[in-house]
Amino acid sequence: MRLARPFVRGLVVLGLAACGGGGGGSTSPAPQSPAPTAYTVGGTVSGLETGNRVSVSLNGAAPITLMANGPFAFGSALTNGTAYRVTIASQPTGQVQLCKVQAGEGVVQSAAISSVLVTCERAYVVGGTVSGIADGDWVTLRSRPRNEELRVSASGPFSFTDRYVRGESY
């Protein structure tokens, strides 16, 4: 038991010495850098017909689905100086429409982005009827300016898969 007392006293002395001594003095906490500020990216949808949905993606991440005209914003925010790119992930599947993104690329500059425009218009599929194709023959049709090719090997109706808006060349 007598050996334990000097050992305990030594620990107490070491503990007090490690404390830095003194009381009442205050020390300033180490400065910490501020947390990076994040900003949302969004904009406005217009022209989307009732019942239609369009999906948009921010920087290739999981898309969000927009179901009505008006403002929208992505759930994830970006830090200052981060590049952003908004793209159409999937076109409307209800009424035939074609949606496009305008002002969808840039760099976050210390403010939320609310200037992305998603505009949707009625779209049309180009097609027709081919007749007079003999057995074993075929014809290749090409839409311009997109150069979509369609090989038709039998008489009857055909349609290209691309959609076109009013006034667009095909």
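The values are calculated or read from the model by the stated rules, or taken from the named source; none is laboratory data. A quick note: this is a predicted structure, and the numbers were derived from the prediction, not measured. Note: ideal-geometry Cβ built from the backbone for every residue, glycine included; neighbour counts use all protein chains shown. Each accessible area value is taken on the protein alone, full model and side chains, heavy atoms only, with ligands, DNA and RNA left out. Shrake-Rupley method; radii C 1.70, N 1.55, O 1.52, S 1.80 Å.
A few points about this structure:
- Annotation: Arg142 fulfils all but one of (1) closer than 19 Å to Val56 by Cβ; (2) open to solvent by 50 Å² or more (accessible area, probe 1.4 Å); (3) not aliphatic (A, V, I, L, M); the unmet one is (1).
- The range 63-76 - residue that is over 18 Å from Gly47 (Cβ atoms) and either of a type in the set (Asp, Glu) or open to solvent by 50 Å² or more (accessible area, probe 1.4 Å) (or both) and, of those, nearest to the chain's Cα centre (by Cα): Pro63
- Residue that is farthest from Gln97 (Cα to Cα), among those in the range 41-60 that are touching a Phe, Trp or Tyr at 6+ places or on another chain (Cβ under 8 Å) and surrounded by fewer than 17 Cβ atoms within 10 Å (Cβ to Cβ): Asn59
- Members of the range 145-170 found to be open to solvent by less than 50 Å² (accessible area, probe 1.4 Å), free of Cβ contacts under 8 Å to residues at least 40 places away in the same chain and of a type in the set (A, V, I, L, M, F, W, C), listed by number: Leu150, Val152, Phe158, Phe160
Table: residues versus (1) in contact with a Leu (Cβ under 9 Å, 6 or more places away or on another chain); (2) modelled with pLDDT of 90 or more; (3) of a type outside the set (A, V, I, L, M, F, W, C).
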residue: Thr79; (1), (2), (3): no, yes, yes
residue: Ala83; (1), (2), (3): no, yes, no
residue: Thr93; (1), (2), (3): no, no, yes
residue: Ala103; (1), (2), (3): yes, yes, no
residue: Ser131; (1), (2), (3): no, yes, yes
residue: Phe160; (1), (2), (3): yes, no, no
residue: Gly167; (1), (2), (3): no, no, yes
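- Cross-chain or 6+ apart pairs with Cβ under 6 Å, the range 36-49 first and touching a residue at least 60 places away in the same chain (Cβ under 8 Å), then part of a strand (DSSP E or B) and among the β-branched types (Val, Ile, Thr): Val41/Ile113; Gly43/Val116; Val45/Val118; Ser46/Thr119; Gly47/Thr119
- Among the residues making up the range 83-113, a single one is surrounded by 15 or more Cβ atoms within 10 Å (Cβ to Cβ) and hydroxyl-bearing (Ser, Thr, Tyr): Tyr84.
- Of all residues in the range 114-128, those satisfying the criterion of being within 17 Å of Pro71 (Cα to Cα) and either open to solvent by 70 Å² or more (accessible area, probe 1.4 Å) or of a type outside the set (S, T, N, Q) (or both) are Ser114, Val116, Leu117, Val118, Cys120.
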